[in-house]
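For reference, the structure is listed below as structure tokens.
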Amino acid sequence: MTDWVVQAKDLVKTYMMGEFEVNALRGVSFNIKRGEVVSIMGPSGSGKSTMMNTLGCLDRPTSGEYILDGESVADMNDDQLASVRNRKIGFVFQSFNLLSRLTALGNVELPLRYAGMSEGRRAKAQAALEAVGLKDRMTHRPYELSGGQQQRVAIARSLVNDPAIIMADEPTGNLDSKVGKEIMSLLLNLNKERGTTLIIVTHDPNIAEQTQRVIRLRDGELDPDYDENGKKKS
Amino acid sequence: MRSGLTVLGIVIGVAAVIAMLAVGNGAQASITGSISSIGTNLLFVFSGSPESQQGPGGPGTGRSGNNIKPLTLSDANAIADPFAAPSVEQVAPTLEGNALLTFSGENTTATLTGATPEYFSVRNLQMAEGEFINSEHILGRMSVVVLGPEAAISLFGRADGVVGETIRIEGQPFRIIGVLTARGGGAFGSEDNSSYIPFTTAQSRLIRRGARDQVDVIYVQAVSAEAVPQAVEEISSIIRQRHRTPVGFDDFTIFTQADFLTIFESITGVLTIFLGGIAGISLLVGGIGIMNIMLVSVTERTREIGLRKALGARKKDILLQFLTESSLLSLIGGIIGIMFGWLIAYIVGQVAVASGTNFIPIVGTDAIILSTSFSAIIGLFFGIYPASRAANLEPVEALRYE
């Protein structure tokens with residue numbers, strides 16, 4: 001039996017935009033193995049962001065089933081979802097999203113604080129920053145760091161809680177190609193060393209190539225032109 | 001910077017509350033003090049009664065204000081009788097008016113009191129130099145005068161070394177025999193701009209009244225502060241008997257220091273509440289400022305809120321964060337405001353001292369506790385709405401917010 005970390009079944013998401021009903025997801029089903037590196041691709045309007053929000057437990061699907069690391073999250077309330085996000089998901093955003101008032105260490109500590117951890121918080125945050133190669137930048141504030149360094153802080157923050165999955169939304173989108181490569185190899189290394197499942201949302205084919213599998217979306221459905229491994233059907 | 005401006009609203013509010021209450025309390029203490037300095041065992045007997053002027057004075061009652069018999073010297077003597085009024089220590093009848101004093105071209109208007117030697121001790125006066133009116137001056141109807149220091153300064157430019165000079169009161173020459181020490185501003189205006197002449201001299205030459213032997217005010221010193229109510233009873237019954245007035249239709253009024261205290265305390269109490277109320281409004285305005293800045297802050301930090309939620313912050317965490325911020329803002333404002341208000345009160349006190357008024361604003365612990373807790377509550381109250389808005393943001397929307 002395979003160890004699935006993500007089991008999505010018939011995910012449907014409908015929301016109202018003014019008077020119009022928008023069907024962002026129209027019944028998407030897929031599974032992701034523990035430790036897998038997966039990219040989600042698709043043109044804009046394909047439901048990519050909605051998929052990311054749903055997988056990241058930022059939003060609930062209108063219908064369907066989503067089991068994350070053994071927990072069914074589709075019917076949870078806001079606070080339960082917050083707790084799931086805190087324990088099981090690490091986020092890496094395109095624009096880093098660090099709090100400028102806090103130091104690198106303070107930013108990394110934030111998820112631990114919301115987890116209610118008080119002792120050993122600092123040590124754990126320091127270990128996470130060391131893992132991303134920022135041992136000597138811990139007390140710097142975001143504006144004192146380069147873009148690549150900021151994204152490393154964000155990665156340290158995403159893995160500090162030992163999450164089941166790391167959701168990266170265009171993690172190299174705001175970086176030049178050289179730094180972008182460094183960040184990608186860091187993410188892939190962390191996946192190798194720690195076995196953390198990595199889900200990357202991107203529209204960059206070069207990024208998608210580096211992942212083990214590509215989930216392609218089009219018009220809120222899995223792209224019928226590709227098979228489940230992301231290979232184009234002939 | 002912007003938080004600083006917001007805090008300023010609370011600072012001004014709290015400072016205003018502190019300063020206003022301090023000034024109010026100070027005024028009360030100052031007036032209470034000056035009334036107490038009159039002497040706790042002093043009574044004033046006036047002619048006429050408050051009731052007969054407005055109350056049962058209609059044609060049907062048969063009595064009116066016109067029927068008032070004036071107080072006379074013999075009334076005063078009767079009160080001084082130790083057998084009829086054992087609670088009375090000393091009695092000082094006076095005639096009181098205003099007069100023009102002149103000395104070689106300088107002139108000033110001062111209160112003129114026709115007094116007896118007892119007046120000196122009954123009013124608890126003190127001589128800066130010379131002596132007060134004695135019985136010899138009374139018997140001889142002598143043209144001598146004792147000046148208050150302010151009157152002396154108006155005429156001579158100084159308050160010492162004027163004994164022996166001759167001044168004119170309403171054109172008649174009087175020799176100065178003494179100058180009193182300064183008493184400062186009292187509840188009845190300055191008592192330093194005054195002049196005292198022998199009772200008999202005033203009676204015959206300067207302050208003429210309709211009836212012979214008439215007096216204006218009889219100052220009575222009770223044997224002790226505790227004996228004041230007893231003295232009031234004794235004096236009332238003596239005068240009622242002499243004026244043949246039925247009980248309830250007194251044609252005289254006895255005022256005690258306690259009566260003055262009650263009146264002034266109620267006046268300053270209203271004043272303090274009034275000032276405090278105005279200051280409270282400015283505190284309220286400051287609170288609305290806090291609410292405003294917190295709403296702006298929530299909008300500005302939407303992305304931050306979204307991020308915090310993505311990282312696992314629950315509604316409670318966000319709510320707590322913003323409530324803490326707003327109450328901290330107003331608490332800081334409150335603390336600065338207390339210091340600021342204290343400073344204002346101190347400056348007001350210094351100004352009062354510099355202008356010669358004996359008036360010290362009192363910053364009470366109750367005012368401090370009141371305004372600190374009030375400002376913290378305001379921070380909480382006006383923080384609730386912005387904080388709950390922040391807590392209820394959808395993480396997806398908040399993260400996407402630009």
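The values are calculated or read from the model by the stated rules, or taken from the named source; none is laboratory data. Predicted model only: the values in this text are computed from it and were never measured. Here Cβ is always computed from backbone atoms with ideal geometry, including for glycine, and neighbour counts include all displayed protein chains.
Answer yes or no as to whether A:Gly47 is surrounded by fewer than 20 Cβ atoms within 10 Å (Cβ to Cβ) and either closer than 16 Å to A:Leu198 by Cα or more than 9 Å from chain B (Cβ to nearest Cβ) (or both). Taking the combined requirement at face value, the residue does not satisfy it. Tell me yes or no: at least one residue of region A:120-133 is within 14 Å of chain B (Cβ to nearest Cβ), crowded, with 22+ Cβ neighbours inside 10 Å and either touching a residue at least 60 places away in the same chain (Cβ under 8 Å) or under 19 Å from A:Asn191 (Cα atoms) (or both). For region A:120-133, residues within 14 Å of chain B (Cβ to nearest Cβ), crowded, with 22+ Cβ neighbours inside 10 Å and either touching a residue at least 60 places away in the same chain (Cβ under 8 Å) or under 19 Å from A:Asn191 (Cα atoms) (or both): present. Does region B:263-281 include one or more residues that are buried (at least 16 other Cβ atoms within 10 Å of the Cβ) and more than 30 Å from B:Phe382 (Cα to Cα)? The answer is yes, given that some residue of region B:263-281 is buried (at least 16 other Cβ atoms within 10 Å of the Cβ) and more than 30 Å from B:Phe382 (Cα to Cα). The residues of region B:124-140 that are in contact (Cβ under 8 Å) with a residue 60 or more places away in the chain and surrounded by 16 or more Cβ atoms within 10 Å (Cβ to Cβ), listed by number, are B:Phe132, B:Ile133, B:His137, B:Ile138.
Filtered by the rule that a residue be surrounded by 16 or more Cβ atoms within 10 Å (Cβ to Cβ), farther than 12 Å from B:Leu320 by Cα and within 14 Å of chain A (Cβ to nearest Cβ), region B:376-393 gives a lone residue, B:Leu393. Of the residues making up region A:198-215, those that are in a strand (DSSP E or B) and surrounded by 21 or more Cβ atoms within 10 Å (Cβ to Cβ) number 6. Might you check whether a residue that is more than 14 Å from chain A (Cβ to nearest Cβ), under 23 Å from B:Phe83 (Cα atoms) and under 41 Å from the mean Cα position of the chain (by Cα) occurs anywhere in region B:255-271? Checking region B:255-271: at least one residue is more than 14 Å from chain A (Cβ to nearest Cβ), under 23 Å from B:Phe83 (Cα atoms) and under 41 Å from the mean Cα position of the chain (by Cα).
Considering the conditions (1) without any contact (Cβ under 8 Å) to a residue 60 or more places away in the chain; (2) more than 22 Å from B:Leu311 (Cβ to Cβ), A:Met41 is excluded by exactly one of them, (1).
The residue list A:Phe91, A:Phe30 contains one member that is buried (at least 20 other Cβ atoms within 10 Å of the Cβ) and either away from chain B (no Cβ under 14 Å) or in contact with a Ser or Thr (Cβ under 6 Å, 6 or more places away or on another chain) (or both), which is A:Phe91.
Against the test of being over 25 Å from the mean Cα position of the chain (by Cα) and surrounded by fewer than 18 Cβ atoms within 10 Å (Cβ to Cβ), the options B:Ile305, B:Ile288 yield a single qualifying residue, B:Ile288. Reported count of residues in region A:134-151, each being away from every other protein chain (no Cβ under 14 Å) and in contact with a helix residue (DSSP H, G or I) (Cβ under 7 Å, 6 or more places away or on another chain), is 11. Looking across region B:203-260, the residues that are touching a Lys or Arg at 6+ places or on another chain (Cβ under 7 Å), crowded, with 16+ Cβ neighbours inside 10 Å and not in a loop (DSSP other than H, G, I, E, B) come down to B:Tyr219, B:His243. Every condition in (1) closer than 21 Å to B:Lys316 by Cα; (2) in a helix (DSSP H, G or I); (3) at pLDDT below 90 holds for A:Ser49 except the one numbered (1). In summary, A:Arg157 fulfils each of the numbered conditions (1) surrounded by fewer than 18 Cβ atoms within 10 Å (Cβ to Cβ); (2) farther than 30 Å from A:Val12 by Cα with the single exception of condition (1). Test A:Ala115 against the criterion of being away from chain B (no Cβ under 14 Å), surrounded by 15 or more Cβ atoms within 10 Å (Cβ to Cβ) and within 22 Å of B:Gly306 (Cβ to Cβ), and give yes or no. No; evaluated as a whole, the condition is false for this residue.
I'd like to know if region B:115-123 contains one or more residues that are surrounded by fewer than 19 Cβ atoms within 10 Å (Cβ to Cβ) and of a type in the set (A, V, I, L, M). No, the conditions are met nowhere in region B:115-123. Scanning region A:94-112 for residues that are polar (S, T, N, Q) and facing chain B (nearest Cβ under 10 Å), we see that the one that is nearest to A:Val73 (Cα to Cα) is A:Asn97. Looking at B:Asp192, B:Asp160, just one residue is in a loop (DSSP other than H, G, I, E, B), among the acidic types (Asp, Glu) and more than 28 Å from B:Phe260 (Cβ to Cβ), and that residue is B:Asp160. B:Asn107 passes every criterion in (1) in a loop (DSSP other than H, G, I, E, B); (2) within 23 Å of B:Val162 (Cα to Cα) apart from (1). Taken over region A:60-81, the residue count meeting the criterion of being out of contact with any strand residue (DSSP E or B) (no Cβ under 8 Å at 6 or more places or on another chain) and in a loop (DSSP other than H, G, I, E, B) is 5. Residue count for region B:358-402 satisfying the condition of being assigned to a loop (DSSP other than H, G, I, E, B), at pLDDT 80 or above and of a type in the set (Gly, Ala, Ser): 0.
Taking region A:169-192 as the range and being touching a residue at least 40 places away in the same chain (Cβ under 8 Å), away from chain B (no Cβ under 13 Å) and not in a loop (DSSP other than H, G, I, E, B) as the test, the residues that pass are A:Leu186, A:Leu187, A:Leu188, A:Leu190, A:Asn191.
Among the residues making up region B:301-316, those that are under 14 Å from A:Arg85 (Cα atoms) and outside any helix (DSSP H, G or I) are B:Leu311, B:Gly312, B:Ala313, B:Arg314.
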